[in-house]
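Since the structure comes first, as structure tokens, the remarks are kept for the end.
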Amino acid sequence: MDPRTVLLSVLLINALALSYGSRLTLLICITFCVAALATVKPRYALISLLIFLFFSLGYWGLLQLPPSKLFAFSAAVFMWFSRFTISMSIGAFALLVLTPSTLTSALRRMHLPAWATIPPAVFLRVLPIIATEARAINDALTLRGLQPGLISWITRPAQSSAMLIIPLLGAVVRVGDELASSALVRGLGGQAYPSTTVALSFKAVDAVALFALTLAVASVVVGRVM
């Protein structure tokens, strides 16, 4: 899928899922997200679908209970978590398929200014590094017998935070300096268009995605009319 179609999908699905989208709109959005994730990681698609079903069925089940403030509050929480599941699913799909080089090339072809193209590329570059550094710190703590984990976070939250977050912040600052130097060497922000080995063009999968997004938008209009 073209990076521009991916970005349009992220914007539209987030706007629809986190607004007053009807149940039909939510079903179209989660179907789109599950189908998109299945093309990359079928396991992620299954996890997304199960989480959405859990919160949606929980919301429906709570509405069937006798009127109560607790049940009403819980139903509202379940409803919003089902919408957040859609938002996080399309965000995960974008993070899995977009690379800094293809995203930068696509945004530059849209003639967007540098302040709009550089931050998303830097975010995509930094996020995997943060995950790698966090795993390295966790492995180092395990080798020292500190055994960080869920139980440690619950029983000793301050100590666990200090052991993980402080070295992680130091690593992120160091990596940020290295990325800034690398970006200057590669001419990031210059006038030349960056090249990419991935062909950026409108394909059949983009047409299918745009059709699904059109259906999602049309469902909002139909829901308001009815």
Percent accessible area from carbon and sulfur atoms, the stretch 90-172, protein chains only, probe 1.4 Å: 71
Length released on extending from His111 to Phe84, taking residue separation times 0.36 nm less the Cα-Cα span: 6.6 nm
Gaussian network model of the chain, springs between alpha carbon atoms under 10 Å - residue of Pro100, Pro42, Pro66 with greatest fluctuation: Pro66
Global form of the stretch 53-154, assessed from the alpha-carbon gyration tensor, a/c cut-off 1.5: oblate
Added length on full extension, which subtracts the Cα-Cα distance from 0.36 nm per residue, Arg23 to Leu168: 48.1 nm
Under the span-like rule (Cα at least 20 Å along the axis, Kyte-Doolittle mean at least 0.5), DSSP H helices of the chain: 3-17, 23-38, 42-63, 69-97, 114-143, 157-185, 204-225
Highest-fluctuation residue, Phe123, Phe73, Phe54 considered, GNM on the chain with Cα pairs under 10 Å: Phe73
Mean accessible surface per residue for the stretch 18-142, computed with a 1.4 Å probe while every protein chain stays in place, in Å²: 58
Centre separation in Å (Cα based) which lies between the stretch 87-148 and the stretch 9-71: 24
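May I ask for the equivalent-ellipsoid semi-axes of the chain, computed as the square root of five times each C-alpha gyration tensor eigenvalue and listed largest first in whole Å? Kindly include the intermediate steps, with their values, before the conclusion.
Details: eigenvalues 229, 186, 40 Å².
So the three semi-axes of the chain are 34, 30, 14 Å.
Calculate the FRET efficiency for Phe211 and Phe73 from the Cβ-Cβ distance with a Förster distance of 41 Å, rounded to the nearest 0.05. Mind dumping the intermediate values first?
Values: r = 38 Å, r/R0 = 0.93.
E(calc), rounded to 0.05, equals 0.60.
Semi-axes of the equivalent ellipsoid of the stretch 10-59: what are they in whole Å, largest first, if each equals the square root of 5 times a C-alpha gyration tensor eigenvalue? Don't jump to the answer; show the numbers that get you there.
On the way: eigenvalues 67, 42, 11 Å².
Three semi-axes, in Å: 18, 15, 7.
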Selected from Ala75, Ala15, Ala158 as most flexible by GNM, with the chain as the system and alpha-carbon contacts under 10 Å: Ala158
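Given just the C-alpha atoms of the stretch 1-90, how large is their convex hull per residue in cubic angstrom? Mind dumping the intermediate values first?
Numbers: hull volume 7.1 nm³, N = 90.
Once divided by residue count, the hull of the stretch 1-90 is 79 Å³.
The values are calculated or read from the model by the stated rules, or taken from the named source; none is laboratory data. Just so it is clear, the structure is predicted and the values come from calculations on it, not from any experiment. Neighbour counts run over all protein chains shown; Cβ positions are idealised from the backbone, glycine included. Accessible surface areas use protein heavy atoms only, side chains included; no ligands, DNA or RNA. Shrake-Rupley method; radii C 1.70, N 1.55, O 1.52, S 1.80 Å.
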